[in-house]
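Structure first, commentary second.
The values are calculated or read from the model by the stated rules, or taken from the named source; none is laboratory data. Note that this is a predicted model, so its numbers are computed, not measured. With ideal geometry, Cβ positions are generated from the backbone for all residues, glycine too; neighbour counts draw on all protein chains shown.
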Amino acid sequence: MSSTVLITGANRGVGLALARHYRGEGWQVIGVCREASFELAEAANRVIEGIDVTRPEDVARLAEDLQGESLDLLINNAGMLHDETLGALDFEAIRAQMEVNAYAPLRVVEALLPCLGEGAKIANITSRMGSIADNDSGGRYGYRASKAALNAFGKSLAVDLAPRGIAVAQLHPGYVQTRMVNFGGLISPEQAADGLAARIAELNLETSGGFWHSNGERLPW
C-alpha cells in the first residue's frame, strides 16, 4: 500500500516540484491550493483547490474532505514574501505574512490531526531567514518574523506530538529559483525538492523538532 502526502501551496514552485517528486516515488499525492494549475493536475493524484489556508472555513472544508483518511506526510509549503523597509513599513504586509507563513501551517496541523497517526511526519517549509542568530543583513521584517514564529510553532508541535509518534521538521529549501524571488535563486525547484525529501526521509522521533537546510546542514535558531 502506497504512502500518502498532502502538500499545501502545491500548484507551482517548490510545492509543485515536491508533488512531482513524491508522485515519481509512487506516493499518493494530494495537492492543496487556492487555484489549481494544469501542471499540478498532472503531478498529483488528487487536487483540492479553493483552499486559502488563512481562512478557517477553508481549512475546515479541507479537513471535512479528508475525514476518515490517513496521511503519512503533511508538508506545509504555502508561503508569502514581501520586502519591507524601515521608515516605510507596511504593517498590513507584515500581518499578511504572519497569517500565511506562521498561523496557517499551525491551523492546518490542528485541523488535520485526525488524519495523522503514529509514524506520520510533518514538514514545515520555513527559511533560514527565520533564524535570529543568522540575521546579519536586517530587513524583511514580516518574512523573518513569520518564519521565526513558524519555527517556534514547529518545535512545540514536535514536543506535543512525540507521544503520538509524529515527527516534525522545520526545513529551509535553499535559495530557489521561484516566482517568490523573481526566479533569481541558486538552485532549481527540483533540486530543492530532492533535498527536502531526503531530509524528510531521515526524520524520526529522535531528530524531531530540528531546523535544517535541504542540503543537510543544521541551522541555528
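Remarks
- Test: residue in segment 34-44 that is surrounded by 15 or more Cβ atoms within 10 Å (Cβ to Cβ), in contact with a Leu (Cβ under 7 Å, 6 or more places away or on another chain) and among the charged types (D, E, K, R): yes
- If you go through segment 135-177 and keep only what is within 17 Å of V109 (Cα to Cα) and assigned to a strand (DSSP E or B), you end up with A167, V168, A169, Q170, L171.
- Every test in (1) part of a loop (DSSP other than H, G, I, E, B); (2) modelled with pLDDT of 95 or more is passed by V5 save one, and that test is (1).
- Subset tally (residues that are out of contact with any His (no Cβ under 7 Å at 6 or more places or on another chain), small (G, A, S), more than 19 Å from L171 (Cβ to Cβ) and modelled with pLDDT of 95 or more) for segment 88-128: 3
- Any hit, segment 197-210, residues being at pLDDT 95 or above, surrounded by 18 or more Cβ atoms within 10 Å (Cβ to Cβ), part of a strand (DSSP E or B) and touching a Ser or Thr at 6+ places or on another chain (Cβ under 8 Å): no
- Residues that are without any contact (Cβ under 8 Å) to a residue 24 or more places away in the chain and touching a strand residue (DSSP E or B) at 6+ places or on another chain (Cβ under 8 Å), drawn from segment 1-46: R23, A41, N45, R46
- Residue-level analysis places S188 outside the set of residues that are surrounded by 19 or more Cβ atoms within 10 Å (Cβ to Cβ), of a type outside the set (A, V, I, L, M) and either modelled with pLDDT under 95 or within 23 Å of W27 (Cβ to Cβ) (or both).
- Test for R95: is it of a type in the set (D, E, K, R) and closer than 14 Å to I7 by Cα: no
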